[in-house]
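Input: a single structure, listed below in structure tokens.
No lab work stands behind these numbers, since they all come straight from the coordinates. Everything numeric here is computed off the predicted structure, so don't read it as measured data. Positions of Cβ are generated from backbone atoms using ideal geometry, with glycine treated the same way; all protein chains shown enter the neighbour counts.
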Amino acid sequence: MKILVNNEEKSVLSGNLAEALTELGYDGALIATAVNGDFTPRGMRAQLMLREGDSLELLAPMRGG
């Protein structure tokens, strides 16, 4: 299925958010996730089913000052 990841179209085979993150190379990364603008806690990623055209935003903490 095609989804948007940080406004870039990607194709994934995974049905849920946790599997899609692994497929996209974010397995184990410290990131915050939002699907269609709604924050998704880490513990809910496996239950959140993705659909064609969903928009996924990934945010990573930055270090520095």
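The numbered conditions (1) over 19 Å from residue 7 (Cβ atoms); (2) part of a strand (DSSP E or B) are all true for residue 46 except (2). Kindly provide the set of residues from segment 26-43 that are within 18 Å of residue 1 (Cα to Cα) and either β-branched (Val, Ile, Thr) or touching a residue at least 40 places away in the same chain (Cβ under 8 Å) (or both), ordered by number. Matches in segment 26-43: 35 only.
Pick from segment 1-18 the residues that are without any contact (Cβ under 8 Å) to a residue 24 or more places away in the chain and more than 20 Å from residue 62 (Cβ to Cβ): which of them is surrounded by the most Cβ atoms within 10 Å (Cβ to Cβ)? The qualifying residue surrounded by the most Cβ atoms within 10 Å (Cβ to Cβ) is 10. If I filter segment 11-20 for residues that are part of a loop (DSSP other than H, G, I, E, B), under 10 Å from the mean Cα position of the chain (by Cα) and of a type in the set (A, V, I, L, M), do I get at least one hit? Checked segment 11-20: no residue is part of a loop (DSSP other than H, G, I, E, B), under 10 Å from the mean Cα position of the chain (by Cα) and of a type in the set (A, V, I, L, M). Every test in (1) over 12 Å from the mean Cα position of the chain (by Cα); (2) assigned to a strand (DSSP E or B); (3) among the basic types (Lys, Arg) is passed by residue 63 save one, and that test is (2).
You will find that of 52, 23, the residue that is exposed (fewer than 10 other Cβ atoms within 10 Å of the Cβ) and over 14 Å from residue 6 (Cα atoms) is 52 and no other.
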